[in-house]
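FYI, it's all coordinate maths here, none of it is from the lab. Note that this is a predicted model, so its numbers are computed, not measured. Using ideal geometry, Cβ is built from the backbone for each residue, glycine included, and neighbour counts are taken over all protein chains shown.
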Amino acid sequence: MKTNLLLLLALACLLAGPHAQAQRQQQLFNSGWKFHRGDAPGAEKPTADDRAWRALTLPHDWSIEEPFSEQWASATGYLPGGVGWYRKAFVVPAGYRGKQVFIYFDGVYKNSEVWLNGHFLGKRPSGFASFQYELTPYLSAKGPNVLAVKADHREVADSRWYTGSGIYRNVYLLATAPVHVQQWGVGFTTPQVSARAATGQVAVALTNGAATAAAVTVAGALLDAKGQVVATAQQVVQLKAKANGAARLTLLLKNPALWSAAQPNLYRLRVRLAVAGQPVDEVTEEVGVRSIRFDANQGFFLNEQPTKLRGVCIHDDAGALGVAVPPEVWERRLRALKAVGCNALRMSHNPHADYLYRLCDELGFLVMDEAFDEWERGKNKWVAGWNVGTPSQAGAHEYFKEWGDRDLRDMVLRNRNRPSIIMWSIGNEIDYPNDPYTHEVLNTGRNPQIYGKGYLPGHPPAAEMGPLAKRLVAVVKQADGSRPVTAALAGVVMSNLTDYPAALDLVGYNYQEFRYPADHKEYPQRIIYGSENGMAPAAWAAVDSNAYVSAQYLWTGIDYLGEAGKWPQRANGAGLLDLAGFPKPEYYFRQSLWTSAPMLYLAAAEAPAAGAPAGRRPRGTATWNWPAASQVRVTAYTTNEATELLLNGQSLGRQTGPLPTWTVPFAAGELRARGYRNNQVVSEVVLKTAGAPTALQLKADRTSLSASALGLAQIEVQVVDQAGNPVPDAAPEITVALTGPARLLGIESGDLASHEPYAAPRHRAHRGRLLLYVQATGAGAVGVALAAPGLAGQAVALRAE
Ligand code: GAL
């Protein structure tokens, strides 16, 4: 009898599926929300009438839906902020009975306040923080329950870049048993790593929400890519009633598949809790086994291999989509960055969406995660251009005193298991001279380009930064002692006279390559690297030719909304990729610096007048459409030994080296380049003079979409001539018609000055190109048809299933 019962129990467990399903339940909580733009006093009450509110699915950014206007701030992309309300009515799923229920927001911009059934759950000023509230005490088992969220972004010039507004990241509903792993409660580090063996340390933070004590078995297991368990450990923890506790497990792993940027091998860490033999909770995390080490003389080592960090800085937005960006968009962008030789990202200047870190783990990027752009004191936010007019001082400093430590700690706890993250940054350019901190040294004229106004006694003293930095570093170390803490310094001359740099493990220099040799000598223990850099070859040479400098992070990987120049510019064009994710000529130039496989790109520009000063980096575009009789400067960006240029079959000569240049009298036809290594042709590119535009070419990154995951297709549109050549300056207005279960999420041309509404079904091409974002809304066949006056239409068929 007893045996039968046990068998039955085992069978029941099997039928119930994996333990996680039986115990912890988590669901994406993005659908079925209602939205009201503007204030709606009383909307937190469950009885409030939201029938006239707009129904939508998160993530959602209301700023991007509204018109650009000069009345808003250049800093935030000439888009509005304001107040918005969200509500969602839901019934608690049957399986949640007896559980503790939580709501998790990955990010709400900003000043969010959340209520459940009229009960205030809490506020979160930061628009970049992720946070969770417990719902259990206010939940009605019968339902319906009403969640209400207010976001207040009335202070629109509150950031130096575009932030968007609203619930712009994922929301999750979570249910756990009373005995469970806390939020971000699993920590994984690899203190010892070699090719033969590794030690994984697992720290588990536990809660017993029940009224009785519990002996909890905490079992950790590491699973390899095939799902095989390769290491295990367990511990029993005695938890009192309504009390917290902790477990520490050590996992020993033989012949680990190490994580690196080149081979981003991942493991799954599974932590299971059981009480009296019954499973009560399970958490799994993607983790990596790798070692990191920075050295003041030798630079950075990943798994003991010296590694240069070829990095770019990024902001959160993706042009047309604002900051509500589906993961596919970042995946496409990251793959393009990989191909340029980039192996490092800087999450400037705030924590980013959760999935972006996952993509970095999976694709192999070494990440600097960054918390702040300002601490207790505000920086200038330009309102009517850039470095002009009267700036706004509003911003994150307003809630730093109350929330700074918490926001920082939460960033670290949320992301600490990401193998991709190799350093935590507590701030960007906090020490920007006179913006706001000042010091007498600014009168000495060193570094004049940013020390322009000299010492401004009315400003806060630079000495304030040291003690603050020490406190923030301690906050990080308490949450994660396994990675170095850094900051990106702008006023190094000034900061060197404070305690700030010495408080850091790594000192990032923004745009100050010229200081590396002197500071390396003066502070031999200091680990110096480039935390933000310009595109000039010299800035890379400072990394490439100095063993002690491990990194550069270019400003920036991708064009971004805001930090715009004067109206009508809506965005900043510093990127290697444009707002649509199309590579710019700078992209190929960077590829020639950062990669070694054969590559060749032709950049053509009108030849400068005789005696004109040489720029700091070459310029040009891959086009062969020039006015008759013009002289064209053709530069090859290449990694090859030699390049030969041919105009309409006639050789213009072979040149060696990385940046061969020819001045060519323009003749329509075909400009061809051949790249050589060991006298063998290894690359070939052709530019053809394009005729009048006649058609559109479409390239979808995928034709099969997941209906349940609201899959996204990104469709590149190219205007071509009769022979299929890209037409470089074509800017026809293109109309998009969709059929089937899909919506046009946005259209982006990359034009920094375009004010066309993003979600409208028509848009002007820019440089002959356009990008469409088409998102599945259900299952079925989806048709995307494009038309433009005078051009042959085109269609692409997608399938959502
Ligand atoms: C840097 C700053 C960045 C961005 C950039 C623009 O000084 O850290 O956030 O403003 O300048 O060039």
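Rg(Cα) of the range 695-800 divided by 2.2 N^0.38 Å?
Here the Cα radius of gyration is 1.03 times the empirical estimate.
Less than 20 Å apart at the alpha-carbon level, and either on another chain or at least 8 residues along: which aspartates and glutamates does that give for Lys242?
Candidates past the 8-residue exclusion: Glu134, Asp281, Glu282.
Using 21 Å as the Cα-Cα cut-off, could you pick out the over-long pairs in Lys34/Lys381; Lys308/Lys477; Lys45/Lys88?
Lys34/Lys381; Lys308/Lys477
What distance in nm lies between label points placed 7 Å from Cα along the C-beta direction at Thr621 and Ala339?
Each label point lies 7 Å from its Cα, and together they span 2.0 nm.
Per q in 0.10, 0.11, 0.14, 0.15 1/Å, what log10 I(q)/I(0) does a Debye calculation on the alpha-carbon atoms of the range 596-688 return?
Results for the range 596-688 at q = 0.10, 0.11, 0.14, 0.15 Å⁻¹ read -0.24, -0.29, -0.46, -0.53.
Please state, as a whole number in µm²/s, the translational diffusion coefficient that the Stokes-Einstein equation yields for the range 224-283 at 10 °C and 1.306 mPa s, with Rh defined as the Kirkwood radius across alpha carbon pairs.
For these conditions, the coefficient is 112 µm²/s.
Regarding the range 260-304, what are the three Cα extents along the principal axes, ordered largest first, in Å?
That gives 54, 21, 10 Å along the principal axes, largest extent first.
Any idea what angle helix 2-15 forms with the longest principal axis of the chain, computed on alpha-carbon atoms, 0 to 90 degrees, nearest 10?
The two axes meet at around 30 degrees.
Calculate I(q)/I(0) for the range 395-455 by the Debye formula, one identical point scatterer on each C-alpha and no solvent, and give its log10 at q = 0.26 Å⁻¹ to two decimals.
-1.03
Can you give me the convex hull volume of the Cα atoms of the range 31-168, divided per residue and expressed in Å³?
Each residue corresponds to 101 Å³ of Cα convex hull volume.
Picking from Ala614, Val632, Val686, whose Cα lies most toward the positive end of the charge dipole for the range 593-712 (charges on Cβ: Lys, Arg +1; Asp, Glu -1)?
Selected residue: Ala614.
Lys and Arg at +1, Asp and Glu at -1: add these up for the other residues within a Cβ distance under 10 Å of Tyr560 and post the number.
Spelling it out: positives minus negatives among the neighbours equals -4.
When only alpha-carbon atoms are used, what values of Rg and Dmax, in angstrom, describe the range 437-500?
14.0, 41
Cross-link partners among lysines for Lys226, C-alpha distance below 16 Å, same-chain residues fewer than 8 apart left out?
Lys254
When the expected Rg is taken as 2.2 N^0.38 Å, what fraction or multiple of it is the alpha-carbon Rg of the range 534-693?
1.13
Using r as the Cβ-Cβ distance of Arg54 and Asn679, and R0 as 51 Å, what FRET efficiency do you calculate, to the nearest 0.05?
Efficiency computed from Cβ-Cβ geometry: 0.20.
Counting just the Cα atoms, what span does the range 289-421 cover along each of its three principal axes? Round to the nearest Å and put the largest first.
For the range 289-421, the Cα extents along the three principal axes come out at 48, 34, 28 Å.
What is the order of Lys88, Lys254, fewest Cβ neighbours within 10 Å to most?
Neighbour counts put them in this order, fewest first: Lys254, Lys88.
Mind giving me the nanometre distance, one decimal, between the label points for Glu402 and Ala723, set 7 Å out from Cα along Cα→Cβ?
6.7 nm
Assuming 0.36 nm per residue, please report the length gained on full extension of the stretch Glu376 to His119 beyond their Cα-Cα distance.
In short, 89.4 nm is gained.
Using alpha carbons only, how many degrees (0 to 90, rounded to 10) separate the axis of helix 354-363 from the longest principal axis of the chain?
On a 0 to 90 degree scale, this one is about 60.
Among Ser708, Ala731, Gln718, whose Cα projects farthest towards the positive end of the dipole of the range 695-800, with charges put on the beta-carbon of Lys, Arg (+1) and Asp, Glu (-1)?
Sorting the options by dipole projection puts first Ser708.
Let me have the relative contact order for the range 106-168, percent, based on Cα pairs under 8 Å that are six or more residues apart.
44 percent
Using a/c under 1.5 as the rounded threshold, could you call the range 540-600 rounded, prolate or oblate? The axes a ≥ b ≥ c are square roots of the C-alpha gyration tensor eigenvalues, and prolate needs a/b larger than b/c, oblate otherwise.
Oblate, because a/c is 1.5 or more while a/b does not exceed b/c.
In debye, nearest 20: dipole of the range 17-84 around its Cα centre with unit charges on the Cβ of K, R (+) and D, E (-)?
Charge dipole, the range 17-84, about its Cα centre: 380 debye, nearest 20.
Please quote Rg/Rh for the range 71-134 to two decimal places, taking the Kirkwood radius as Rh and restricting both calculations to Cα atoms.
1.09
Based only on the alpha carbon positions, what is the Kirkwood hydrodynamic radius of the range 720-769, in angstrom?
12.1 Å
Any chance you could run the full-extension gain for Ala276 through Ala779? It's 0.36 nm times the residue separation minus the Cα-Cα distance, nm to one decimal.
Here the segment from Ala276 to Ala779 would lengthen by 176.6 nm.
If you line up the long axis of helix 465-479 against the longest principal axis of the chain, both from Cα atoms, how many degrees apart are they, to the nearest 10?
Its long axis makes an angle of about 50 degrees.
Return a whole-number percent for the relative contact order of the chain, with Cα pairs under 8 Å and 6 or more residues apart as the contact set.
Computed value for the chain: 9 percent relative contact order.
Report, to one decimal in Å, the Kirkwood hydrodynamic radius for the range 513-553 based on all distinct Cα pairs.
10.3 Å
Mind checking the alpha-carbon convex hull of the chain and giving the volume per residue in Å³?
189 Å³
Expressed in nm to one decimal, what extension gain is obtained for the pair Glu606 and Arg762 from 0.36 nm per residue of sequence separation less their Cα-Cα distance?
52.9 nm
Measure up Lys338/Lys470; Lys99/Lys401; Lys123/Lys401 against 24 Å on the Cα-Cα distance and list the ones that go over.
Lys338/Lys470; Lys99/Lys401
Among Glu304, Glu374, which comes first, then next, by fewest other beta-carbon atoms within 10 Å?
Ranking Glu304, Glu374 by Cβ neighbours within 10 Å, fewest first, gives Glu304, Glu374.
Using label points projected 7 Å from each Cα along Cα→Cβ, tell me how many nm separate Thr284 and Val388, to one decimal.
5.5 nm
For the chain, with the dipole built from +1 on Lys and Arg beta-carbon atoms and -1 on Asp and Glu ones, taken about the Cα centre, which of Asn648, Tyr758, Pro59 lies farthest toward the positive end?
Pro59
For the range 293-572, what Kirkwood radius comes out of the mean inverse Cα-Cα distance, in Å?
Mean inverse Cα-Cα distance, inverted, gives 19.2 Å.
So how do Asp480, Asp407 line up by other beta-carbon neighbours within 10 Å, fewest first?
Asp480, Asp407
Dipole size in debye (nearest 20) for the range 695-800 around its Cα centre, Lys and Arg Cβ +1, Asp and Glu Cβ -1?
Its charge dipole is roughly 300 debye.
Which residues in the range 143-177 have a backbone N closer than 16 Å to a point placed 7 Å from the Cα of Ser69 along the Cα-to-Cβ line?
Once the point is set 7 Å along Cα→Cβ of Ser69, 153-157 turn out to lie under 16 Å by backbone N, inside the range 143-177.
Can you pull the percent of Cα pairs in the range 298-349 with separation above 12 Å?
71 percent
Over the Cα atoms of the range 556-648, each weighted equally, I'd like the Debye log10 I(q)/I(0) at q = 0.19, 0.26 Å⁻¹, rounded to two decimals.
-1.06, -1.28
Taking the Cβ-Cβ separation of Arg248 and Phe90 as r and a Förster radius of 35 Å, what is the calculated FRET efficiency to the nearest 0.05?
With R0 = 35 Å, the Cβ-Cβ based efficiency is 0.40.
How about Lys699: which lysines have a C-alpha closer than 19 Å to its C-alpha, ignoring those fewer than 8 places off in the same chain?
Within reach: Lys584.
Cα centroids of the range 231-302 and the range 721-775: how far apart, whole angstrom?
Cα centroid to Cα centroid, the span is 46 Å.
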